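Take a look at the structure below.
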Amino acid sequence: MGTARWINNYLKQFTFPEIWKHDQLAFIRIANKILSITKNDDYLQNLRKQAQGKEYGRQIDRIVHELYKLTDNEIQIVEERG
């Protein structure tokens, strides 16, 4: 299946919330933090950095949950399938 057909058949079925500048900046700040701790070669051996990376990931998840106004039940479903 070509990309255009895939987009028309699947992607257009989803609704995407409008992301305000404030929320965009929150994503950017967290992404920059992740990049700063993972760019060094020691990330895979550094448990503290790995834990911090996971926390940043949870922060992004929370922002996404709020943007999509997910219920606790929907969040649980997404996390189980993640």
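The values are calculated or read from the model by the stated rules, or taken from the named source; none is laboratory data. Note that the structure is a prediction, hence the values are computed from the model and not measured. Cβ: placed from backbone, ideal geometry, glycine included. Neighbour counts: every protein chain shown. Ligands, DNA and RNA are excluded from the accessible area calculation, which covers all protein heavy atoms including side chains. Shrake-Rupley method; radii C 1.70, N 1.55, O 1.52, S 1.80 Å.
Roll a 1.4 angstrom probe over the protein heavy atoms and tell me the percent of accessible area of the chain that is carbon or sulfur. Answer for the chain is 55 percent, counting heavy atoms of protein chains only. Taking a sphere under 15 Å around the Cβ of residue 73 and counting the other residues whose Cβ falls inside, with K and R at +1 and D and E at -1, yields a net charge of -2. The C-alpha atoms of the chain define a longest principal axis, and helix 21-38 lies at about 40 degrees to it. By the rule of a C-alpha distance below 30 Å, with chain neighbours fewer than 8 residues away ignored, the lysines paired with residue 54 are 21, 33, 39, 69. Solvent-accessible surface of the chain, averaged per residue with a 1.4 angstrom probe and all protein chains in place: 86 square angstrom.
A DSSP coil position with no more than 13 other Cβ atoms inside 10 Å describes the following trypsin sites (Lys or Arg not before Pro) in region 34-81: 39, 69.
Applying both filters, DSSP loop and at most 10 other Cβ atoms within 10 Å, to the chymotrypsin sites (Phe, Trp or Tyr not before Pro) of the chain gives 10, 14, 20. The shape of the chain comes out prolate: with a ≥ b ≥ c from the C-alpha gyration tensor, a/c is at least 1.5 and a/b beats b/c.
Normalising the average separation of contacting C-alpha pairs (under 8 angstrom, six or more residues apart) by the number of residues puts the relative contact order of the chain at 28 percent.
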